[in-house]
Every structure is written in C-alpha cells, then in structure tokens.
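Asks: Can you read through this structure? Questions will come right after.
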Amino acid sequence: MEEYIELAVEMIKKGFDERKIKARLPRENADEIIEIARARIRAKDKFSRRDLWMDLEGLRYATHEAVAEYRAKRVKPESIADVSCGIGIQLIFFAKYAEEAYAIDIDERKLFYAMKNAEKYGVKEKIKFIHGDSLSEEVIKQVNADVIFSDPARPPEMPERRLEDLLPSPLEIYEAYKHKTDAFIFDLPPQIRREKVPWKGEFEYIDLYGQLNRLTFYFEPLAKAERSAVLLPKGVRLESNPDLENIIEWSEPKEYLYEIPQSIDYADLINELFHTVKGKLYMLLREKRRVLATSDDEIKSEYFKRAYVITGIVKFHPLRINEFLRREGFGRATLRISIPDSEYWRFRRKVENNLKGERRAYIFQYKDKAIIAEPI
Ligand SMILES: C[S@@+](CC[C@H](N)C(=O)[O-])C[C@H]1O[C@@H](n2cnc3c(N)ncnc32)[C@H](O)[C@@H]1O
C-alpha cells in the first residue's frame, strides 16, 4: 500500500483529478489511500517524517512533533500509557525515552496508523497496542504503567471548556486508573478555567511558533510549578512564583513595543516576565489575541514574541495611517489589529495605497490611535 500512497501523493501534487488517481489504485482501498496522501501533503512541517500514516482527522488532532518531543523529554517516564493515542505521535515520542509504553484507542483505524507510525520512528517494539475503550474493565486490567497520559478528543459541537465534554473525559480516566498510579498528564483545552480542574498540579501553556498550541496539566508528582509557559521551538520556560511582589504598572506608549506570548498571558505570568527582564517594562494593552508592553529602553528578552521600535502614533484612521507611511517611506504594512474579516481588506487597501519600497511597518490599535512600529 505504501507505493500506492506515494503514487497518490505525486498525482495530487501534479493536479490530476480524483477519477484519474483512483484508476491507478486498488479499488478496495482507493479512498483511504487518497485520504492518507492528502493528509501527508497537508502535514507539511508538522512532522520530521513525510511518510506517516494518518487520515485528515488524525492529522488535525495530532500533536506537533516539537510539542511531543518537548513533553517526552520533560517527563521521561519509565513506562507510560496513552489512553487516547490517535495516530500515536505523542505516544511515539514518550516511547522514545521510555522502557515500555501502551497505545490505546477506541478507533481501530487510528490505532493501526499509530502502529505503522511507531514502526517508522523505530519504537514499535516497546509499545503494546490495545484496541478498545480505555474506560472499559477489559482495557484497564491490561495496563500497568507509571504514568497515564491522555489527549482527549474534543467533539466540535461542544463548547470545549468542560472536562466532562472531552472524550474520554479526564474525570473518568482518573477514576478508572487512580488505583494504578497518581501520575496523570492531560491535554486540556487552553481556554478552560483552571478552577474547573479538580486536582493539584501544574498548568503548562505551550506556544508554538508564536501561537498558543497546548495546555498540559501534570498531576502533582510530575509538577514543577503551579503554572508555566513554554515557547517552542525556542524551548524557553517561565514558571509561576507566588512570592514575587507585583510590579505591573500600566502606561501610555513609550519608545518601544513588545508583544507578549499568549502562553505567558494565559498562564498569568506577566508579573513573572516583568521580573525576569532587565529594564522597566509597562503594560500597554491586554486583549484576547494581543498583549503588548512598552518601555523607554530597548529591552532584550527571549520571552518576547516580537520587539519593535515605535516610529509614530496617528489617529486610527486608514487615511491618516497611509499618509504617515508614505511620508516616512514605508512600502508595506502588516496590520496587528482586531477588525472583522469583512472590513479587513478594505482597510488594508487604504492603508497600503500607493506605498513604495521595502520598509515594512506594523500597525497596532491603541484606543483611538494607531501605533506604527518597526521590528528590531
Ligand atoms: C485528540 S486524539 C489524540 C491525538 C494524539 N495525541 C496524537 O498525537 O496523534 C483523541 C483520540 O481519542 C480517542 N478516544 C476517544 N474516546 C476514547 C475512549 N473512550 N477510549 C480510547 N480512545 C478514545 C479518539 O478515537 C481519538 O483518536
């Protein structure tokens, strides 16, 4: 089947239509082959390997390899069971550092893909594959692991914010396996309110390439802090420290602008961040999608998402912004503002009208003003 998947990948890339592709594939599994091929193309840089087995749903839910590797290195368990392993990416990375591992999934096809993928990464021999409901007696009795991990499915129609909506529910997994271990790790929706989690442990928010990617909850025996933020692929980490004095002050825009990663905001670690940097930072803006700090001085920190120097502040109006950009010789603009999609392009066209050159400006909205900044 491997050669057929590769053939389908090539044909899709060359733009053949589905009928022509199917004609070259075995009829009984042509649809599956095409779906795997599509998933491989779509996966692009999510994994270091291009030959993995997955359907499109498996790909969407799969842990990014950078995240899987980071968490595996952090935990390094002797034995671990992934009780909702999907196509197996997280589990494979745990298995890399473990003596033995269990892969469990209720979906037989996903488990089959996990097995194929474990083979590709060279860890199949360490893993016991179990097809079944991880909440069933039948499955529970076969598992004997130091750590229980679950990255549950989130049904799309659910608001994604309650533990009981996840499949399998972490509440039920805990009840089912607590007689075996006290070390659990759960992937949770990052928007979940921490008060809803009834256990003691660490909430770790992970940013990947500047976007919030995961919230992992580690039970007490595996916890290192109450809350933490990790920026990948850089690999830097910030932990909560309840003993720090609150030094957060707000200010109007100063000379420099700093974008604070969402993971640091979600983990409520802005005060911790302000303590780590050398220089005086002030909070400028805290929105759902954007958190900005400002300063009189240029501050370097591995925790910033991006740093800018402010070149001007004008009224927040596309024509005023455009005038400023033309006068200052900017050729392009990137909008870092929250406006409805329907207005975005009209606004952007006006802002970029008749600009010339390579210099790029970043535009932020602050109250009724536009802050125009350049990255440093
Ligand atoms: C989000 S995916 C896991 C993705 C995985 N971490 C990866 O890296 O590929 C969740 C998986 O949980 C499985 N699942 C849902 N309910 C389950 C149950 N009761 N027992 C076992 N697996 C279950 C689904 O079939 C799905 O494959």
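Asks: Looking at the structure I just gave you, is I87 near the ligand (Cβ under 10 Å from one of its atoms) and either buried (at least 23 other Cβ atoms within 10 Å of the Cβ) or assigned to a loop (DSSP other than H, G, I, E, B) (or both)?
Replies: Yes, satisfied.
Asks: Looking for whichever is within 18 Å of F149 (Cα to Cα) and surrounded by 20 or more Cβ atoms within 10 Å (Cβ to Cβ) here; the options are A68, A39. Which one fits?
Replies: Within the list A68, A39, the selection yields A68.
Asks: Considering segment 115-135 alone, what residues qualify as being without any contact (Cβ under 8 Å) to a residue 60 or more places away in the chain, within 13 Å of the ligand (Cβ to nearest atom) and out of contact with any strand residue (DSSP E or B) (no Cβ under 6 Å at 6 or more places or on another chain)?
Replies: Hits for segment 115-135 are H131, G132, D133, L135.
Asks: Would you confirm, using the coordinates I've provided, whether P170 is buried (at least 19 other Cβ atoms within 10 Å of the Cβ), modelled with pLDDT of 95 or more, within 11 Å of the ligand (Cβ to nearest atom) and under 30 Å from V291 (Cβ atoms)?
Replies: Answer is no for this residue.
Asks: Here's a follow-up. Would you mind stating whether E99 is modelled with pLDDT of 95 or more and away from the ligand (no atom under 12 Å from the Cβ)?
Replies: So E99 passes the test.
Asks: Got a number for residues in segment 325-344 being surrounded by fewer than 14 Cβ atoms within 10 Å (Cβ to Cβ) and small (G, A, S)?
Replies: Residues that pass the stated criteria total 3.
Asks: Separate question: Output the qualifying pairs, or none if there are none: Cβ atoms under 7 angstrom, residues six or more apart or on different chains, first residue in segment 94-114 and within 14 Å of P77 (Cβ to Cβ), second residue polar (S, T, N, Q).
Replies: A98/S79; E99/S79; E100/S79; A101/S79
Asks: Looking only at residues in segment 63-84 that are under 19 Å from A43 (Cα atoms) and in a loop (DSSP other than H, G, I, E, B), which one is nearest to the ligand (Cβ to nearest atom)?
Replies: Looking at residues that are under 19 Å from A43 (Cα atoms) and in a loop (DSSP other than H, G, I, E, B), I get T63.
Asks: How many residues, within segment 101-135, are of a type outside the set (K, R) and in a helix (DSSP H, G or I)?
Replies: The qualifying residues number 10.
Asks: Hey, another quick one. Restrict the check to segment 295-302 and report whether at least one residue is surrounded by fewer than 22 Cβ atoms within 10 Å (Cβ to Cβ), touching a residue at least 24 places away in the same chain (Cβ under 8 Å), within 12 Å of L238 (Cα to Cα) and within 20 Å of the chain's Cα centre (by Cα).
Replies: yes
Asks: For residues that are assigned to a loop (DSSP other than H, G, I, E, B) and surrounded by fewer than 17 Cβ atoms within 10 Å (Cβ to Cβ), scanning just segment 136-154, find the one that is farthest from the ligand (Cβ to nearest atom).
Replies: N144
The values are calculated or read from the model by the stated rules, or taken from the named source; none is laboratory data. None of these values were measured; they are calculated from a predicted model. FYI the Cβ positions are ideal-geometry reconstructions off the backbone, even for glycines, and counts take in every protein chain you see.
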